Amino acid sequence: MHTRSNDKIEYEDEIKSMSHDDFKGYCLKVSKEINDYCTNNNLRIDYVVPILRSGAVPAVYIANELNLIKFAPIQVKKIKQNGIYDHIILLNTLKDLDKNKELVLLIVEGTYSSGDTVNTALDEIRKTLPKAKILFSTICIRGEENMPKDIVKGFYGFDLPREKLFTYPWESVDMKENHPDQKIENIFY
């Protein structure tokens, strides 16, 4: 079942920290699967499209493994106003690309949870580049059955129930809840 951002989730108290070695292992797994898929289907990725900020670090690791050098980031920000979450596009570098080309894009997200951020990005990408073939990768998916629809192929490092929390190697528990990008005044200035 697809969970939306405004649905109530009973999170576990324990927040696990992912090691750098585990993170790198998931990136390598995803990279190998993407490479195998592209080789078997005669596809060449034109652009890596990290969904900022969560997809930035995994995108660099995956791009290095696949020897990809062209990036076209998109930034989607989840904001909370009056107790309701919404998603807005802060950056779309894809607007500079040729919309008439059938580009192959590799969208990269860190954690695919409710799907709201990714689906907002995918909607924007489809409007901007309607002929693009979209591959999607994420390090953590919250339910394989929730993989985005209308993509060519999806890849993920590991599946974890949504109520289980973790931090990536570059995060801290405090940073997850109190990071400056969680404040509205730092988004709209």
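Just a few scattered comments:
- Solvent exposure of the stretch 72-125, expressed per residue, is 45 Å² of accessible area, with all protein chains present and a 1.4 angstrom probe.
- Proximal lysines to residue 32, defined as alpha-carbon separation beneath 28 angstrom and excluding residues fewer than eight positions away on the same chain: 16, 24, 70, 101, 131, 133, 149, 153, 164
- Other residues with beta-carbon under 15 Å from the beta-carbon of residue 40 carry, at +1 per Lys or Arg and -1 per Asp or Glu, a net charge of +2.
- With 0.36 nm allotted per residue and the present C-alpha distance subtracted, the residue 39-residue 126 stretch has 28.9 nm of extension available.
- With every protein chain in place, the stretch 116-178: carbon and sulfur % of accessible area (1.4 Å): 48
- At full extension, residue 174 and residue 21 could sit 52.9 nm farther apart than now, given 0.36 nm per residue minus the alpha carbon distance.
The values are calculated or read from the model by the stated rules, or taken from the named source; none is laboratory data. Quantities reported herein were computed from a predicted structural model and do not represent experimental measurements. Please note: Cβ atoms are built from the backbone with ideal geometry, for glycine as well, and neighbour counts cover all protein chains shown. Only protein heavy atoms, including side chains, enter the accessible area calculation; ligands, DNA and RNA are left aside. Shrake-Rupley method; radii C 1.70, N 1.55, O 1.52, S 1.80 Å.
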